[in-house]
Amino acid sequence: MKITIIGTGYVGLTTAVVLAYLNHNVSAVDKDSNKLSLLQEGKSPIHEPGIQSLLDEVCRTIRFTPTVADVVPEAELIMIAVGTPPKMDGEADTRHVEEAAREVAQVCLPNRHYTLVIKSTVPIGTNRRVAEVVADVFAERNIQGNISVASNPEFLQEGLALQGAFYPDRIVVGANNNEAFDALRRLYQPILEQTFDAPTMLPRPPSYHLPPMMTTDPNSAEMIKYAANTFLALKISFINEIAGLCENVGADVTEVARGIGLDSRIGKKFLRAGLGWGGSCYPKDTAALLRVAAQADYSMPITEAARTVNFEQRQRIVQKLRTVLKTLNGKTIGILGLAFKPNTDDIREAPALDIIRQLDAEGAYIRAHDPIAISNAQQALSDINAAYINVDFIEDVHQLSHNADALLLVTEWDQYHRLDLRKLAKNMKTRILIDGRNVFSPKEAIAAGFHYIGVGR
Ligand code: UGA
């Protein structure tokens, strides 16, 4: 199929690359000239495992352009995957989605049928508004255009985006007409039937089952996306709440998570207690859902509580440091990990940034290490503060502990699991290890000479 994807962020680029790999004829539009020139040179602007090597394979088949008019008229299916940033009150701003829809309607040919797919995460009812935008443009152009609008929310996880795209649990499509369902079924047919040759670096998981394509109405599809993210966010907040109680009563949350996770109704995933969620999705989407609820005159205390618990985790960890060190003023703290989660350089809403701000406000000296997110963190810390936060960014993780008063693990990068704790402990002023993601075995940390403090254990 001939497909145009508007927006080449995490979702747009991953989708473009995967659909091109599945032999669709893909073009991608982005207004960001820096991103576009990288892509035109075949370089991925995002850090995502596997994306560069897949891009190497398919980039010559994808047309990257800044102009909708170059590619949309000939396309059969157009996907909107632009950002929906939060407004001041948390509401998702759909301006870019509507703009993209308007541009599409302005250049599409009157005698052809198009399917316009909304992949961006959008408030409930956006599908209808996009259909109205399209109808308005057709009225201005005085044509009888033919565009079916569909909602096709994306569930990919950063760091695992390609797995999520090739081997999804489900594909959700919301539309009011069969043409859109048919077009999306044809688009995803190789994935629904798993008829493609798996990329060498991403073999099909042996236990993988064919994914269902769930069809529904557009409002429900839009709601599914918010409900899925909010449910996962509150599952994590729940285990973090239990973790706090474990600390007070002498239980180990990792054991508790194991024990409840074995119940198939609960499931073992997303029960890792720690510093909670960050990233570009849960913080933004839970806030946006609360705005949707407020506008519908409805209260959502569970969602609100999930947010409160989540952001308190960042304060609780600093409190633990304060308690053990008596004061943070003048103390040197080494931060292990800046990215909001491993395998990405994304630092949006990352717990590390909040923690660094708190430590800085109390007069601590901060050193920080991350395998790939240092330059993004540097940028973020200089953007947001008028008063510059002084962080010593360290490339060699072992230098982090030199004369430090405490180490604080924030992101559970694989390489941290394998750290030589004895070597780290050796040069420290005081051997304190706060493990914000329960990565280390308390026994091993203690044997290495650390005063070990985890989350909920
Ligand atoms: C999330 C969803 O998992 C995706 O399905 C969705 O498509 C995406 O948002 C989106 O809306 O675009 P993502 O934010 O990339 O994906 O990452 P997750 O793997 O879900 O992790 C989110 C946060 O939760 C991370 O900060 C992670 O450290 C934290 N987390 C995760 C925990 O604290 N404990 C856990 O057990 C699992």
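Taking the Cα centroid of the range 190-206 and of the range 284-330, what is the distance between the two, rounded to the nearest whole Å? That distance is 39 Å.
Taking θ as phi - 60° and the Karplus parameters 6.51, -1.76 and 1.60, the scalar couplings of the range 310-320 work out to 4, 6, 5, 4, 6, 6, 4, 5, 5, 4, 4 Hz in sequence order, x denoting glycine and proline. Relative to the longest principal Cα axis of the chain, at what angle does helix 10-21 sit, 0 to 90 degrees, rounded to 10? Taking the Cα atoms of the chain, the angle to 10-21 is about 60 degrees. The three principal axes of the Cα atoms in the range 2-214 give end-to-end lengths of 52, 41, 37 Å, sorted in falling order. Counting only protein chain heavy atoms and rolling a 1.4 Å probe, the accessible areas of Met79, Met201 rank, largest first, as Met201, Met79.
Looking at the range 282-453, the accessible area is 46 square angstrom per residue; that uses a 1.4 Å probe and ignores ligands, DNA and RNA.
The amide H of Ala150, built 1.01 Å from its N in the peptide plane, has Leu116, Val117, Ile118 as neighbours under 5 Å, considering only residues 5 or more places off or on other chains.
Counting only DSSP beta bridges whose two residues both lie in the range 2-214, roughly 10 percent are antiparallel. Over all other residues within a Cβ to Cβ distance under 9 Å of Lys87, the charged ones net out to -2, with Lys and Arg as +1 and Asp and Glu as -1.
Dividing the helix sum by the residues of the chain, where each DSSP H run of 4 or more adds -39500 (n - 2.57), gives a mean residue ellipticity at 222 nm of -13500 deg cm²/dmol.
When you filter the trypsin sites (Lys or Arg not before Pro) in the range 110-201 for DSSP loop state and at most 15 other Cβ atoms inside 10 Å of their Cβ, you are left with Arg112, Arg170.
Charge tally for Ala296 (other residues, Cβ to Cβ under 14 Å; Lys, Arg +1; Asp, Glu -1): -2. Expressed as a fraction of 2.2 N^0.38 Å, the value expected for a compact globular protein of N residues, the C-alpha radius of gyration of the range 195-330 is 1.35. What shape does the range 197-266 have by the C-alpha gyration tensor, where a ≥ b ≥ c are the square roots of the eigenvalues, rounded means a/c under 1.5, and otherwise prolate means a/b greater than b/c and oblate the rest? Oblate. Across the chain, Cα pairs under 8 Å and at least six residues apart give a relative contact order of 11 percent. Scanning residues 5 or more positions from Ala28 or on other chains, those with amide H under 5 Å from its amide H are Ile5, Arg63, Phe64, Thr65, with H placed 1.01 Å from N in the peptide plane. Give the distance, in whole Å, between the Cα centre of the range 376-447 and the Cα centre of the range 117-185. If you average the Cα positions of each part, the centres end up 43 Å apart.
Split the chain at each of the chymotrypsin sites (Phe, Trp or Tyr not before Pro) in a DSSP loop with at most 10 other beta carbon atoms within 10 Å, and the longest piece is 1-297.
Within the accessible area of the range 2-214, the carbon and sulfur atoms contribute 49%, probe 1.4 Å, all protein chains present.
For every other residue with a beta carbon closer than 10 angstrom to the beta carbon of Gln106, add +1 if it is Lys or Arg and -1 if Asp or Glu, then tell me the sum. In short, 0.
Along the chain, the longest continuous region that contains none of the GluC sites (Glu not before Pro) in a DSSP loop with at most 13 other C-beta atoms within 10 Å is 194-394.
3J(HN,Hα) along the range 333-347, derived from phi through the Karplus expression 6.51 cos²θ - 1.76 cosθ + 1.60 where θ = phi - 60°, amounts to 10, x, 9, 9, x, 10, 4, 5, 7, x, 6, 8, 9, 7, 10 Hz, with x in place of Gly and Pro. The Cα-based radius of gyration of the chain, divided by its Kirkwood radius, gives an Rg/Rh of 1.00. Measuring max minus min along each principal axis, the C-alpha atoms of the range 359-433 give extents of 39, 26, 16 Å (largest first). Looking at the chain only, what percent of DSSP beta bridges run antiparallel? Nearest 5 please. Rounded to the nearest five, the antiparallel share is 5 percent. Distance distribution note for the range 69-185: the fraction of Cα pairs above 22 angstrom is 36%. Rg ratio for the range 282-453: its Cα radius of gyration over 2.2 N^0.38 Å, N being its residue count, equals 1.10.
The values are calculated or read from the model by the stated rules, or taken from the named source; none is laboratory data. All values derive from a computational prediction rather than experimental measurement. Here the Cβ is made from the backbone with ideal geometry for all residues, glycine too, and neighbour counts use every protein chain on show. Side chains included, ligands, DNA and RNA excluded: accessible areas come from the protein's heavy atoms. Shrake-Rupley method; radii C 1.70, N 1.55, O 1.52, S 1.80 Å.
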